[in-house]
Structure formats: structure tokens, C-alpha cells
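Below is one structure, written out as C-alpha cells; the observations come after it.
The values are calculated or read from the model by the stated rules, or taken from the named source; none is laboratory data. This one's a predicted model, so the numbers in the text were calculated from it and none came from an experiment. Every residue, glycine among them, receives a Cβ derived from its backbone with ideal geometry; neighbour counts consider all protein chains shown. Note: accessible area is taken over every heavy atom of the protein model, side chains too, but ligands, DNA and RNA are not part of it. Shrake-Rupley method; radii C 1.70, N 1.55, O 1.52, S 1.80 Å.
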Amino acid sequence: MPLLLFAWAAAASSALTNPDFDDGLEGWTPSTAAIEMLAASVDGRSVARIVVPEGTQPGYPHLAQPLDVHPGDLISATAEARSIGVQDGAGAYIVIEYFDAAKNRVSFSQSNMAEKDGSWTEVRVQGVMPKEAVSARIALILNGTGTAEFDAVTATREPGVGAAGPPDGPVTITITDEVVCDSFRGFGVEDDGWFYNPENAAHGVTDDDARLREERIASMGIDWVRMFFWYKDWNPSGDWETYTFDTPNMESHYRTLDLYQRLGVPVNVVGVEWGVEDPYGNPEAAAKAVGALFEHLIKTKGYTCVQEWTLTNEPNGYFIRAGYDFERFVQLHQLVHAAFERRGLEIRIVGSDETNGGYSFFKQCVADDRYYPLVDYFASHRYFPYADRVTAPAFYNERMELLAAKTPHKDLVIAEFGFQDDRSGALVNPLMETYPYAVWTAAFVIDGLNRGVAGFSIWCLQEMYYPGNGFMNYGLWDFKDNNWKPRPVYHAWRNFTTLTQSGDAVRACASSSPAHVVAAVVGGVLFWANHSDYAAEVRVEGWEDAVSLEQRENPTSGAGLVVHKVLTESTLPESSDRGTLELTNRTTFSAPPMSFGYIRGAGATQGRAEGD
């Protein structure tokens, strides 16, 4: 990928006024006069300070400064920040905000949070100014009560990132000899187990609908599932002692687990605490209860598919905001690990699981010598403002570099990801219904494959009603009111799930124009995406070495040929149309604008259904 996506200091400066606060707060505009904001001297350095008194409703008080940038620019910003005595919020961080002509915010890009122990932390953010924005600013924010201090703010820009025009001649994809992952964990989905609950039944879901869902899931060949288990479903009192394993929501989970048990798909049980008062105040009791849940699922119910555990979804969010510190996070993992051992349960523990702004948390997880040995692999989440998707390589690289420095080696998987705009929220994301989301998904995955990421799970499987009648709009297909129609992203994801298997080797591919076309090889299949607005002629080099060992050792009448499929918005497959498919002995092809597809050996035995 272009150097600008790897380096923080490679771009031209976008000058800030008074970035070191030597002239007080000159150049910086406070958001409110009700919160104390001032310049101060700390240990011989000038800093900006935001103070929110205890008892104040937490918000987002900030100091802001406009940036001289333009649509399409890649903006990189850093600051030294620290959080002092912060409660009931995320603490100190920075954002880049983008506004339209009516001064409405259309998007924002957010940094990692400063550590809450009062130490200075480098906070960093990269973002791309959306095409509909006309102005941008950097803001230094304190979320919660307490004190935030900032110093040494920088902002740089790289003009016009991405493909500004058609490629200069054919794009060459070179399949390298580098095996970046020798045993891929696979492609999964988030299926939170509530499809069979009373809320969905009340909205007309029938047994026929359930059969359609289950047949579709079975046809996808997914390798792993991530599933929420809400503590209130099985311990509604929150006492960690009174278990109700027969609630309607648990019965829905059992029916969901029945499916994955039949399919032999491993399930990662993820704890969620919605509405539970002080869930981790008694860590010993919490660990004992988690052990009891797993023993019930595996030994009493017989769900051997339940194989992994994640303490809490996105701990750099709720867990930290609720006032628990990293010491409690480590302690809980130590206690649960011991509880599993006492009960004779062999459960893989998933590490970190942080989301946006969580690089510091991920780094702390990897660096801690008590925590690192407890986990079997690490997980991260990323939801991009859609224009920021070009920053994916930096997101991957900073995590993979941390893990590369540790022994023994532990994998990184992406446990949730997506793309958002100003309409998006926790439950709603109309952008996921659109065709570009499919291309962005393919390109994001390919970028990660080329960097050695060992697995991906998409948020989430389908539209459905969650407990409390909240409607989850994210999904690979629509709800019953639209006849369970697959969305474009379903076809992109199905290509990955049906054409690969857990244990496949991943080989990196180099592109002569990654702003246009990217590719990676998993097993004997080359996946590619043209994520630009321009057509490209593509030439693949090194294909002969990438054909699967199975095909080379078991030649068939199709040996030497390749199956090549191209998907565009106009050629997405329907139930009777399997897409644009070509059988050829050539590895050159035309990639239309915003298209994706794959190439595989015609004689290879895939062991699964043909991709879309």
C-alpha cells in the first residue's frame, strides 16, 4: 500500500496555531464556558486543561481549532494527553470532525483514549475528509468527570488519497512466496442467538422462516460464530448465584446452538452486561458464575461447539467507562481461567476485543505479562467512517507489529467490523444495505489477509429483534418484511465462507496499484476487489505456484483452467443466477469499477458450495 497509509509523519504539515499552548489558549475555541478550560504549566511544560467537576453530567467538552484541509485529504493528528481522576466516561482523546455547508457534522474520526492512570499517552487519529464535507476541525475532548490535559498537538494532511483517476496501464497482482498465515482460523459471523425469542415471534417469524434461515446458514460454510450471552438471560438478579437457564432467551440460544452443534461450528460466548448493576464488583463471584454457565452449556446440555469465551464486548467502552480498571480486567481473566480448569473445561480465551479508539487498550493487553499467557488469541473491532476505510492498513499494522514482538506468537482476528455514515448507530446502519458496502468489505478483508490477520467475523448475521424489542438493522440479509432478501454484502461474505476452510494457508499478494485493485490468496483461491471508481485491466503473476496442492496432486480434466467470477452491482446473483462466471486458461481480466470476485483452479476440490 502507499507509504502514506503506514507512516504518521510522511505527510505535509497543516499548520496549527499554538499547538504547544505556549500562548495560552490562543487559536483554540472552548465548547462551553460552564466547564473550566485553561492553559497551565505542568512540570515545566505548557498544557491545555479541561476540568469537569464531580456531579456534572458527563458530556463532550472540548477545545477546537479549524483545519485547512479539503475533501479527499488524509488527515493525521496526534497529541500528548492524560486523564486524571476521570470517572463515568472515556477520558481524554482527540477527534477530527467534518461539517457540511449547513454546519452539520457529517462524520468524525476518533483517536485512542489516554490511559486513566494519569500518565501521558500519545493519542493518534487518521481520517479522510468526506466528499460532502466543506470544513473540518480538530477537537481535544474530555468525556466524563475529572481532568484532561493536552500538549504537543500535531496535524498533517496528504492531499487526495485514493484513486484520483484510472490506473496507469494494467494493474499487476503478484502472488508472492510469503505465507503470512499458515493456518487461517476462518470466516465467521455474529449470531447473537435471539432469533427464536418471543420478540421475533411477535413480529411474525414462523418455523418456515427458521428453516429458511438454517438452510442458508448451513449453505454458507462458516468457520466460527460469535454469540452474545446477556447476563440477565441466565442470572436476572445479578447476584451471580441464582441461575435461570430456562428463560425464553436461553431457549432461543439453545435452538441456535443446536444448529451450530450439528454443523460442527465453534462458538465464542461473549458476555454482555446491559442493565446489570456493578457486574464486576465481586470478581470471584462473577468468575464462578461464568464457570457455571459454561459447565451447564457443555456438560449438561452437551454443546461441545461452545469452545471460546470473551469476558465482555468492547471492554474499552463499557468496562472502562463503568469505572473498572485494567487490573480488574486481568484479575477476572485469571479467575475465570482457574474456574475453567477446576471444572475440567478446555476453553479458548479471547483477548482484548477492543473497538474504535482502543489501540492503547490493545497495547496494554499485549504488553501485560500476566494477561498475555492467559489468552489464546487476540481480537479487535473496527467501525470506519466510510471515507476512513483507506486507513485500514494502519489499523492492521500497528496491532500486528505489537504481536510480532511477542513470544509465543498469538493470532489476531477481527471479531467485528463495518462502515458507517451520519445515519449509523448501535442498532441502525442503512449503509449496510447498499452495494458499496460489499466492495468495501472485500477490500478490508483482503488488506487484513495480506498482513497476516488470522480470521474475520462480520457484524452481523441478519436483521432481527433483540431483547426489549430493539431492531438490529445490521445484517447480511433483511427481515421478514422484505422476504429475508440477501443484501449485496451477503454475496461478498459468502464468497469468503464457501471458498475457504479453517486451516488454509494465506499468501500475500502485491498490487502495482493498490488504490485500485487488491488481492490475496487463501488456500487455492485468489480473492480480489477493485474498490475504485475506475475500470482496471488486471494481470495475475505467479498463479501456477498458488494453485492448491490438492489440485496439483490430483489433476482432473479441468487442470490448467481457472474458474473466474466477477461480481458488480448489476450482476449480483439471485436465486437462479449464480453471477458472471468464466472458465478460462487466462489469468488476465477486466475488473469493472467497484467490483469484486475470485479466481480458483478449475480442478480443485473445494469441499463446499460454489461461491456467489
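Can you tell me which residues in segment 340-358 are touching a Cys at 6+ places or on another chain (Cβ under 6 Å) and either open to solvent by 10 Å² or more (accessible area, probe 1.4 Å) or polar (S, T, N, Q) (or both)? The one that is touching a Cys at 6+ places or on another chain (Cβ under 6 Å) and either open to solvent by 10 Å² or more (accessible area, probe 1.4 Å) or polar (S, T, N, Q) (or both): S352. Restricting attention to segment 213-232, does a residue exist that is closer than 17 Å to P467 by Cβ and out of contact with any strand residue (DSSP E or B) (no Cβ under 6 Å at 6 or more places or on another chain)? The answer is yes; a qualifying residue exists. For the condition of a type in the set (A, V, I, L, M) and open to solvent by 40 Å² or more (accessible area, probe 1.4 Å), V205 does not qualify. Of all the listed residues (N469, N483, N473), the sole one being out of contact with any Asp or Glu (no Cβ under 9 Å at 6 or more places or on another chain), over 16 Å from V445 (Cα atoms) and open to solvent by 10 Å² or more (accessible area, probe 1.4 Å) is N483. For segment 126-139, the condition holds for at least one residue, the condition being that it is at pLDDT below 95, of a type in the set (G, A, S) and closer than 30 Å to G357 by Cβ. The C-beta contact set for segment 71-92 (first residue free of Cβ contacts under 8 Å to residues at least 24 places away in the same chain, second residue open to solvent by 20 Å² or more (accessible area, probe 1.4 Å), distance under 8 angstrom, 6+ apart or interchain) is empty. Looking only at residues of segment 481-498 that are more than 13 Å from V439 (Cβ to Cβ) and among the charged types (D, E, K, R), we find that the one that is farthest from the chain's Cα centre (by Cα) is D481.
Among residues that are of a type in the set (D, E, K, R) and open to solvent by 30 Å² or more (accessible area, probe 1.4 Å), R382 is included. Among the residues in segment 235-252, are any open to solvent by less than 20 Å² (accessible area, probe 1.4 Å) and not in a helix (DSSP H, G or I)? Yes, some residue in segment 235-252 is open to solvent by less than 20 Å² (accessible area, probe 1.4 Å) and not in a helix (DSSP H, G or I). The residue that is nearest to Q334 (Cα to Cα), counting only those in segment 376-399 that are in contact with a Lys or Arg (Cβ under 7 Å, 6 or more places away or on another chain) and not in a helix (DSSP H, G or I), is D376. When I298 is tested against (1) touching a helix residue (DSSP H, G or I) at 6+ places or on another chain (Cβ under 8 Å); (2) not in a loop (DSSP other than H, G, I, E, B), exactly one condition is not met: (1).
Take segment 310-339 and flag every residue that is in contact with a strand residue (DSSP E or B) (Cβ under 8 Å, 6 or more places away or on another chain), open to solvent by less than 10 Å² (accessible area, probe 1.4 Å) and either part of a helix (DSSP H, G or I) or closer than 12 Å to K116 by Cβ (or both). Within segment 310-339, H333, V336 meet the criteria.
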